[in-house]
Amino acid sequence: MGAIFQSLGRTITAGVVLLIVIALLVGAVTGTWIKADYGWWTFFMRWLHVLSGVMWIGILWYFNFVQTPSMPKIPDEQKPAISKVIAPTALFWFRWAALATVVTGLLLAWMNDYIGSALGLQKPNTAIGIGMWLALIMAFNVWFIIWPNQKKALGIVHVDAAEKAAAAKMAGMTSRFNTMLSIPMLYCMVAQQNGGF
Ligand code: HEM
């Protein structure tokens with residue numbers, strides 16, 4: 001057991017194996033086995049979408065609830081542990097999870113056959129459409145505002161001190177803006193099939 005949890009790769013593999021065991025057990029107990037028909041693939045895409053969405057918004061909230069408020073309490077000589085090691089790794093998973101969420105979300109809307117109607121905010125897909133637009137604005141902010149400015153703020157791209165401070169401020173404010181949007185976005189995301197409006 002210890003050998004599994006010493007490696008992230010082995011831990012993720014164990015999670016997938018556990019999922020397969022649970023699916024087989026449920027099949028054996030209920031007699032209903034997974035049928036990989038169109039409906040199931042749509043469900044599978046929804047699962048991939050929620051996984052990547054949790055990774056994205058989880059890291060966004062880590063930045064806003066944990067890392068940013070903690071920075072003033074960290075002594076200056078220890079700050080590089082955050083800016084040189086933790087933040088670049090967090091930003092890697094953050095931006096690629098955002099892209100994966102957009103791709104799986106758009107594929108899901110396409111597979112559900114309402115991508116045009118949702119993006120056009122037409123009935124009966126208005127709720128998910130609003131959620132999709134909010135999340136698309138957030139993903140745009142991640143790739144075209146937060147990431148370029150974080151590269152300057154963290155010293156991945158070298159700029160003078162004034163530009164570095166301005167970039168850190170812009171990245172921080174946009175991250176806060178996305179945290180604000182995440183609240184109605186998630187409501188709209190789950191409202192579509194759960195009667196939220
Ligand atoms: C541009 C980005 C996104 C797009 C295009 C998108 C699109 C979609 C679509 C089409 C659905 C299916 C809705 C339905 O018919 O019930 C959905 C569901 C869902 N999305 Fe997103 N989404 C995006 C971002 C996110 C993010 C960032 C999260 C954060 C976790 C998220 C979480 C969810 C959840 C939990 C559901 C399941 C709703 C349910 O089963 O009730 N989505 N999304």
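Observations on the model:
- Among the residues examined, ALA167 does not qualify as closer than 23 Å to VAL54 by Cα, part of a helix (DSSP H, G or I) and at pLDDT 95 or above.
- Residue under evaluation VAL16, criteria (1) in the same structural domain as LEU186 (by TED's automatic domain parsing); (2) exposed (fewer than 11 other Cβ atoms within 10 Å of the Cβ), criterion not met: (1)
- Condition met for LYS73 (in contact with a helix residue (DSSP H, G or I) (Cβ under 9 Å, 6 or more places away or on another chain), modelled with pLDDT of 95 or more and assigned by TED's automatic domain parsing to the domain that holds ASN149): no
- Checked against (1) more than 10 Å from the ligand (Cβ to nearest atom); (2) free of Cβ contacts under 8 Å to residues at least 40 places away in the same chain; (3) farther than 20 Å from TRP61 by Cα, LEU119 meets all criteria but (1).
- When residues of segment 138-185 are limited to those that are touching a helix residue (DSSP H, G or I) at 6+ places or on another chain (Cβ under 9 Å), over 21 Å from LYS79 (Cβ atoms) and among the aromatic types (Phe, Trp, Tyr), the one farthest from the ligand (Cβ to nearest atom): PHE177
- Note on segment 101-118: residues that are under 20 Å from the mean Cα position of the chain (by Cα) and surrounded by fewer than 18 Cβ atoms within 10 Å (Cβ to Cβ) total 4.
- For segment 1-42, the set of residues classified as part of a helix (DSSP H, G or I), among the polar types (S, T, N, Q) and under 30 Å from ASN112 (Cβ atoms) consists of THR30, THR42, listed by residue number.
- Checking each residue in segment 167-197 for being surrounded by 15 or more Cβ atoms within 10 Å (Cβ to Cβ), farther than 15 Å from ILE130 by Cα and not polar (S, T, N, Q) picks out ALA167, ALA168, MET170, ALA171, GLY172, PHE177.
- Verdict on ALA97 being surrounded by 14 or more Cβ atoms within 10 Å (Cβ to Cβ), modelled with pLDDT of 95 or more and more than 20 Å from the chain's Cα centre (by Cα): no
- Residue within segment 186-196 that is away from the ligand (no atom under 16 Å from the Cβ), more than 17 Å from ALA97 (Cα to Cα) and either assigned to a helix (DSSP H, G or I) or not assigned by TED's automatic domain parsing to the domain that holds ALA109 (or both) present: no
The values are calculated or read from the model by the stated rules, or taken from the named source; none is laboratory data. Model, not experiment: these values are computed from the prediction. Here Cβ is always computed from backbone atoms with ideal geometry, including for glycine, and neighbour counts include all displayed protein chains.
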